[in-house]
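This report concerns only the one structure given below.
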Amino acid sequence: MPPFELTLGHELEVERQRFDSEWLFQWHNIRSEKRIVDVPDYRGGRIALGGLRFEGQPQSIYWQALGRYMSGKVHEVFQRWDRDTGTYPPVLRRSSLEGTEKLLRQFVAALMERAHSTDQALRGEGTSRTDKALEGSAAHSHANVEILRLKQAHEALLPTVSESPSGTNFRSRIIEALNIKPGMFGMNIDLKKLFWREKR
């Protein structure tokens, strides 16, 4: 696993735990008259709510803010990938891009699991409901679409990777270079044909 992915996997797990305790947990204050939900709205402001039921507008505010957070995090990670892997060889960079996509999908899935359980607990007022909010499913889908879109955009800018010696191109050159004829050794190999590379 490339160094970027090793670091990213750890950082995303720490971030998931931080978000859980500092943002999701705060929403349990929404029904209290004495405390309020006071969390970032992820568009430069804050959400401050208290003494309300978790339905209608408060629930929409919750999911919209969570969606903005996930979208921002996805963009931030791909920007870091682009910056931090710029010196990687093309094969390793492509592999790292695929690994980054996978780690982000896992991060979003884990975050959504906790977000849904918070939503269910708040709507059930202590007894968790079992249904999932439609706005939550939409936020999850949007985050996954954004991951795929950015991965494909970065992938399109990567140079095409030439086949490695173990690839099919090299095998076909071995067959062309191999010359089996009766003789003292029974065969010979045309080294020029074997190691000739097509000019690009």
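We did not get these values from a lab; they are worked out from the coordinates using the rules stated. Being a predicted model, the structure only gives us computed values, none of them experimental.
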| said: Distance between the C-alpha centers of segment 135-160 and segment 1-30? Whole Å please. | reply: 20
| remark: Here the relative contact order (percent) of segment 66-150, from C-alpha pairs under 8 Å and at least 6 apart, is 41
| remark: Taking only the alpha carbons of segment 1-153, the radius of gyration and the largest Cα-Cα distance, Dmax, both in angstrom, are 17.1, 58
| request: Would you mind classifying segment 64-153 by shape? Square roots of the alpha carbon gyration tensor eigenvalues, ordered a ≥ b ≥ c; an a/c under 1.5 is rounded, otherwise it is prolate if a/b is larger than b/c and oblate if not. | output: prolate
| said: I need the fraction of alpha carbon pairs in segment 30-104 separated by more than 18 Å, rounded to a whole percent. | reply: 56
| field | P(r) tail fraction, segment 1-59 - alpha-carbon pairs more than 18 Å apart, % | value | 48
| message | Give me the tail of P(r) for segment 81-120 as a percent: Cα-Cα pairs with distance above 10 Å. | response | 73
